Amino acid sequence: MTSKYKVLFLCRENSARSIIAEALLRELAGHRFEVFSAGSDPAARVHALALAQLRPGISDLGLLAPKSWLEFTGEWAPHMDLIVALDARVAEYHAPDFPGKPLFVQWDFADPLAEGMTPDERGRSFEKVFWQIVRRVTLFMELPRYTTPAVSHATTAEPATRERDIVCPG
């Protein structure tokens, strides 16, 4: 039995980087990936500058909303194949245990919401991070490991591990 790969993007507030990554992977390869995003301390809403970057090319912005990563930790939660931390503050050693022991990786991008930026600097930061995430998501979805359908966890002979491999080049 085959299925889509389940990917969870994590950021602290789940209002910018993880939302952008979720939207892009769903839009570009939703036929192969079931995509989610969450945060340790989710914001009340998606940041307006993240939506501004996504608006021209994402067909369903209504699916995007900040969520707590706790929504993905219970027995009822979908078992992820891959967790991608986009913020060092939610790296593997900070994150809770997720069902199924998914592969956990970190992609490092500057925080477009960092303190001390002028409005123009923040806008440029969002644009730069957006294009960096576009590049990384595009490279990721073309990796041979993810170009074929996932094998159902129920039929997999070997349990998933938290192996440390390069899931996507920097």
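Could you list, in sequence order, all residues of the range 67-104 that are in contact with a Cys (Cβ under 9 Å, 6 or more places away or on another chain) and surrounded by 19 or more Cβ atoms within 10 Å (Cβ to Cβ)?
Result: V84, A85, L86, D87, V90.
Per-residue answers, yes or no, for (1) part of a loop (DSSP other than H, G, I, E, B); (2) at negative phi; (3) aliphatic (A, V, I, L, M):
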site	(1), (2), (3)
A43	yes, yes, yes
Q53	no, yes, no
P66	yes, yes, no
I83	no, yes, yes
A95	yes, yes, yes
P99	yes, yes, no
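Look through the range 68-81, keep the residues that are of a type outside the set (A, V, I, L, M) and part of a loop (DSSP other than H, G, I, E, B), and return whichever of them is nearest to E13 (Cα to Cα).
T73
Can you report the number of residues in the range 125-142 which are surrounded by fewer than 18 Cβ atoms within 10 Å (Cβ to Cβ) and under 14 Å from A16 (Cα atoms)?
Within the range 125-142, the first condition is being surrounded by fewer than 18 Cβ atoms within 10 Å (Cβ to Cβ), and the residues that meet it are 127-128, 131-132, 134-135, 138-139, 142.
Next, from what is left, pick out any that are under 14 Å from A16 (Cα atoms): 127-128, 131-132, 134.
Total satisfying the criteria: 5.
When the residues of the range 107-124 are filtered to those that are of a type in the set (A, V, I, L, M) and more than 11 Å from R17 (Cβ to Cβ), which remaining residue is surrounded by the fewest Cβ atoms within 10 Å (Cβ to Cβ)? Steps first, answer last, please.
Of the range 107-124, the ones of a type in the set (A, V, I, L, M) are 110, 113-114, 117.
Right, trim to more than 11 Å from R17 (Cβ to Cβ) and you get 114, 117.
Numbers: A114: 10, M117: 15.
Across the range 107-124, the extreme among qualifying residues is A114.
Report yes if A160 is modelled with pLDDT under 85 and assigned to a helix (DSSP H, G or I), otherwise no.
Here the answer is no, as A160 does not meet what is asked.
Within the range 5-35, how many residues are of a type in the set (V, I, T) and more than 21 Å from P144 (Cβ to Cβ)?
Filtering the range 5-35 for residues of a type in the set (V, I, T) gives 7, 19-20, 35.
Among the residues that remain, those that are also more than 21 Å from P144 (Cβ to Cβ) are: 19-20.
Residues that pass the stated criteria total 2.
A quick yes/no check of all residues on (1) touching a His at 6+ places or on another chain (Cβ under 9 Å); (2) not charged (D, E, K, R):
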position: G62; (1), (2): no, yes
position: P78; (1), (2): no, yes
position: V90; (1), (2): no, yes
position: H94; (1), (2): no, yes
position: D97; (1), (2): no, no
position: P112; (1), (2): yes, yes
position: M117; (1), (2): no, yes
position: V129; (1), (2): no, yes
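So in the range 27-66, with the set limited to residues that are under 10 Å from the mean Cα position of the chain (by Cα) and either closer than 16 Å to V134 by Cβ or basic (K, R) (or both), which one is surrounded by the fewest Cβ atoms within 10 Å (Cβ to Cβ)?
Only one residue tops the list, namely V35.
The values are calculated or read from the model by the stated rules, or taken from the named source; none is laboratory data. If you're wondering where the values come from, they're calculated on a predicted model, not measured in any experiment. Reconstructed Cβ throughout: ideal geometry from the backbone, glycine too, with neighbour counts over all protein chains shown.
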